[in-house]
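K.L.:
Can you read through this structure? Questions will come right after.
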Amino acid sequence: MGGMTASLRDLTAWVDFQNSTAHALGPYAAFVHGACLVFIDAIGLSVASSRAVREARRTRCIERLLQLLPPPVAAEGARALHLGTDTVPEMAEGERPQPYAARPVHAHDSGAHDLAGAEAMDTSTDGVARAQLFGLPPFFIDLGSAPSDAAFSLHAPTTRANAFRVLRALQLRKPILLEGSPGVGKTSLVQALGAACGHTVVRINLSEQSDLMELLGTDLPVEGAPAGTYAWQDGAFLAALKAGHWVILDELNLAPQSVLEGLNSCLDHRASVYIPELGSTYACPSTFRVFGCQNPLQQGGGRKGLPKSFLNRFTQVWMEELDASDMRLIATNHFPAIPATLLERMIGFARALQREVVTLRKFGSRGAPWDFNLRDLFRWCELIELEQVGPYWQPSQFVDSLFVQRMRTVDDRRAVLALYGAWLGGYEPGAMPGASAPLPRPITAPGTAPGTAPIESDDGFVLQPHYAITRSTVQLRPLEALMTCIRMRWMCILVGEAGAGKTSLARLLARLAGRPMAEVTLSTTTDTTELLGCFEQNEPSRVRLAALRATGTLVAHTTQALLLSGSTHTGVNVHTGHCSATSAVAAECISVATRLQAQWAELAAPLGTGGGGESRDVLGLLCAIEADAPPEGARYDAAADARNGCL
Ligand SMILES: Nc1ncnc2c1ncn2[C@@H]1O[C@H](COP(=O)(O)OP(=O)(O)O)[C@@H](O)[C@H]1O
Ligand SMILES: [Mg+2]
């Protein structure tokens, strides 16, 4: 089994499992399920293998396992594992073990069709008290009290099989480690199970920078108290432990050794943590569960594997990859408006991309490792649902931003487009009347933007009408992708050679959108206090500077608003940049803005450069308007654009 050895801990876990489930499952079913839990569910973990190889291994292990049973009961064991049908049980009345009386719960929970709620008789009392349970037969867990709102499709076959393994693992009190490719739904499965069972799930994202203080707690200054007063503040992990919540330790293998060691005592038989600063020990309540999640090493899961002795504390569950039918089910459930035929092709394209780039490595060697998964599909669907109306679906509209722009070389981009052509080339049923081709367009006026990605300004700022930008398609395509990210509130990483214009592109966009942008230069020595802040001595000059900066932004906003309202009265032509202050209102606006700027310039002198940047831009514009001429280079030349093929 790929070099796996059975430790004493594994054997104890197997026995524990049988002891705790034999009464409900019967001895042979408990025997085989226990072996699956301890040995077979982990197949795939820590070794690179294909799905077919994993399946073959599992089958071999199960065959061997069944041979361990005396022949007359081997069939019973096989039945318990649902061999020959599906590894995961469907709802079937007869198959549920006696103590459970099935009753579907969460009728409102559309994602959990195949999950059963059940009521268990608490036989220790007179049989009246009943505990609420939730799970996939025959594995159930206690229902907590937090409300359920899972938007997760537990009925996709692979997800269901994965969920089944996790539910089986939950029968033991050990922490559970989920490993699987990015995007298979490790984090969201735990969240969904937690939500469905009414447990609050606390997610802690670990990284190389995580430290134990974040998790367990530390002494912090007390707000409002005299200087030097410190009080203990629980970290996220300790708080969750005390409250008996579920905890996800996400990206577990990225955490430094010290963090792992600090958590050790909560993860093994001691099930408690000692906090030296408080001189107390906290025992893990029975509802407290710990889930570790990590990506496989070979898929960007960090530089190191976890030590075997640490891994051994967990029940390890490999999360099998989603196949096309899972994706179809999940996507149909999430995006009911998008027609099935279209989804089918989009999934085909995404999977073909994954196969050619990741599995076969036909292209895309620059920038590897790649992964195209459900997340990409979800983004694509979100954009389509948000921006388009049926039946005029145009999936191609976002292919550039979502897939093509990610590739690093022209050949790779062509290869992506060719794949797109193969899967969706003939799809688009016809353009929506009046819709433009999804080619980048130059920025021309407030509210318009490259291609199809306008940024709304919700705080009164608009794209500056006279702002001159390079109208090269090379810049506009990434700009469009960037704007899409901002509009959708997705994080974005600009990747490119030194000097390719990454920073300038971000700066340009910030200026176009009129948003202040903070720039932080990261290096290997940057630490979180620089980004998030820390306690420092009170410094009056810093407060003054912050106030001045805030005022600067306000002045810039006001000036811009004045000028824009002036421009509507003068009828400024945003396409040519020409304007003249003919009306009295416009003249008044301009004069107020001028005075405001003059006063601000005086006040802002101590800020030096950096503080008044935005205002100075506006001032330049103002001067240009006063001079009754468009600022240098700011005129938009539609004819030139047409010549350059940008229109
Ligand atoms: N069965 C599913 N039903 C609905 N959404 C899913 C399902 N599996 C995964 N997803 C979605 O896929 C994305 C990636 O899942 P996530 O749990 O973050 O993956 P991982 O933690 O394995 O990297 C999330 O947006 C998640 O909601
Ligand atoms: Mg995750």
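K.L.:
Is it the case, given these coordinates, that V105 is at pLDDT 90 or above, at negative phi and outside any strand (DSSP E or B)?
P.N.:
Against the criterion (at pLDDT 90 or above, at negative phi and outside any strand (DSSP E or B)), V105 does not qualify.
K.L.:
Do any helices (runs of 4 or more DSSP H) lying entirely in the stretch 292-373 carry at least 1 residues that are among the charged types (D, E, K, R) and modelled with pLDDT of 90 or more, and which ones are they?
P.N.:
Counting at least 1 such residues, we get 324-334, 340-353.
K.L.:
Here's a follow-up. Residue check, R511 against (1) touching a residue at least 24 places away in the same chain (Cβ under 8 Å); (2) open to solvent by 40 Å² or more (accessible area, probe 1.4 Å); (3) outside the structural domain of E480 (by TED's automatic domain parsing), all met but one. Which one?
P.N.:
(3)
K.L.:
Within the stretch 32-41, is there a residue that is under 23 Å from M319 (Cα atoms), modelled with pLDDT of 85 or more and in a loop (DSSP other than H, G, I, E, B)?
P.N.:
yes
K.L.:
Going by what's in this entry, would S207 be described as open to solvent by 20 Å² or more (accessible area, probe 1.4 Å), of a type in the set (S, T, N, Q), modelled with pLDDT under 90 and within 16 Å of ligand 2 (Cβ to nearest atom)?
P.N.:
Considered against the rule, which asks whether it is open to solvent by 20 Å² or more (accessible area, probe 1.4 Å), of a type in the set (S, T, N, Q), modelled with pLDDT under 90 and within 16 Å of ligand 2 (Cβ to nearest atom), S207 comes out as yes.
K.L.:
Of everything in the stretch 248-262 that's closer than 9 Å to L206 by Cα and open to solvent by less than 20 Å² (accessible area, probe 1.4 Å), which residue is nearest to ligand 2 (Cβ to nearest atom)?
P.N.:
Looking at residues that are closer than 9 Å to L206 by Cα and open to solvent by less than 20 Å² (accessible area, probe 1.4 Å), I get D250.
To keep it simple, each residue is scored yes or no on (1) closer than 29 Å to R477 by Cα; (2) more than 32 Å from the chain's Cα centre (by Cα); (3) modelled with pLDDT under 80.
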| site | (1), (2), (3) |
| --- | --- |
| A513 | yes, no, no |
| T521 | yes, no, no |
| L531 | no, no, no |
| V543 | no, yes, no |
| V555 | no, yes, no |
| T558 | no, yes, no |
| T568 | no, yes, yes |
| G577 | yes, yes, yes |
| L596 | no, yes, no |
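K.L.:
Does S401 satisfy being more than 16 Å from ligand 1 (Cβ to nearest atom), assigned to a helix (DSSP H, G or I) and small (G, A, S)?
P.N.:
yes
K.L.:
Right, here's the next one. Check G224, G217, G244 and return the single one that is more than 16 Å from ligand 1 (Cβ to nearest atom), open to solvent by less than 40 Å² (accessible area, probe 1.4 Å) and more than 21 Å from D527 (Cβ to Cβ).
P.N.:
None of the others qualify; the one that does is G244.
K.L.:
Suppose the filter is assigned by TED's automatic domain parsing to the domain that holds P157, more than 23 Å from the chain's Cα centre (by Cα) and of a type outside the set (D, E); does P307 pass it?
P.N.:
Yes.
K.L.:
I've got another one for you. Taking T281, is it at pLDDT below 95, surrounded by 16 or more Cβ atoms within 10 Å (Cβ to Cβ), under 30 Å from P256 (Cβ atoms) and among the β-branched types (V, I, T)?
P.N.:
Answer is no for this residue.
K.L.:
Please specify each residue of the stretch 340-357 satisfying the condition of being more than 16 Å from A418 (Cα to Cα) and either open to solvent by 40 Å² or more (accessible area, probe 1.4 Å) or in contact with a Gly (Cβ under 6 Å, 6 or more places away or on another chain) (or both).
P.N.:
If the condition is that a residue be more than 16 Å from A418 (Cα to Cα) and either open to solvent by 40 Å² or more (accessible area, probe 1.4 Å) or in contact with a Gly (Cβ under 6 Å, 6 or more places away or on another chain) (or both), then A340, T341, E344 are the ones that fit.
K.L.:
Same structure again: Tell me, yes or no, whether the stretch 356-374 has at least one residue that is basic (K, R) and within 16 Å of ligand 1 (Cβ to nearest atom).
P.N.:
Within the stretch 356-374, none of the residues are basic (K, R) and within 16 Å of ligand 1 (Cβ to nearest atom).
So that you can scan it fast, the table gives a plain yes or no per residue for (1) touching a residue at least 60 places away in the same chain (Cβ under 8 Å); (2) under 28 Å from Y274 (Cβ atoms); (3) acidic (D, E):
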{"position": "S181", "(1), (2), (3)": "yes, no, no"}
{"position": "V190", "(1), (2), (3)": "yes, yes, no"}
{"position": "C197", "(1), (2), (3)": "yes, no, no"}
{"position": "V202", "(1), (2), (3)": "no, yes, no"}
{"position": "L206", "(1), (2), (3)": "no, yes, no"}
{"position": "D211", "(1), (2), (3)": "no, yes, yes"}
{"position": "L215", "(1), (2), (3)": "no, yes, no"}
{"position": "A227", "(1), (2), (3)": "no, no, no"}
{"position": "A239", "(1), (2), (3)": "no, yes, no"}
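K.L.:
Of the residues that sit in the stretch 227-241 and are under 22 Å from C284 (Cβ atoms) and in a strand (DSSP E or B), which one is nearest to ligand 1 (Cβ to nearest atom)?
P.N.:
D234
K.L.:
Scan the stretch 262-278 and tell me whether some residue there is touching a His at 6+ places or on another chain (Cβ under 9 Å) and outside any loop (DSSP other than H, G, I, E, B).
P.N.:
Among the residues of the stretch 262-278, not one is touching a His at 6+ places or on another chain (Cβ under 9 Å) and outside any loop (DSSP other than H, G, I, E, B), which makes the answer no.
K.L.:
OK, next. Just give me the residues in the stretch 193-204 being among the hydrophobic types (A, V, I, L, M, F, W, C), open to solvent by 10 Å² or more (accessible area, probe 1.4 Å) and more than 14 Å from ligand 1 (Cβ to nearest atom), in sequence order.
P.N.:
Scanning the stretch 193-204 gives a single hit, V202.
K.L.:
Restricting to the stretch 181-192, and then to whatever is open to solvent by 10 Å² or more (accessible area, probe 1.4 Å) and assigned to a helix (DSSP H, G or I), can you tell me which residue is farthest from ligand 1 (Cβ to nearest atom)?
P.N.:
Q191
K.L.:
Right, here's the next one. Which residues, counting only those in the stretch 161-180, are crowded, with 23+ Cβ neighbours inside 10 Å and within 12 Å of ligand 1 (Cβ to nearest atom)?
P.N.:
Correct list: N162, A163, L178, E179, G180.
K.L.:
Go through (1) aliphatic (A, V, I, L, M); (2) within 16 Å of ligand 1 (Cβ to nearest atom); (3) within 23 Å of C534 (Cα to Cα) one by one and return the number of the condition L254 breaks.
P.N.:
Answer for L254: the failing condition is (3).
The values are calculated or read from the model by the stated rules, or taken from the named source; none is laboratory data. The shown structure was predicted, so the numbers you read here are calculated from the model rather than taken from an experiment. Cβ: placed from backbone, ideal geometry, glycine included. Neighbour counts: every protein chain shown. SASA here: full protein model, heavy atoms, side chains in, ligands and nucleic acids out. Shrake-Rupley method; radii C 1.70, N 1.55, O 1.52, S 1.80 Å.
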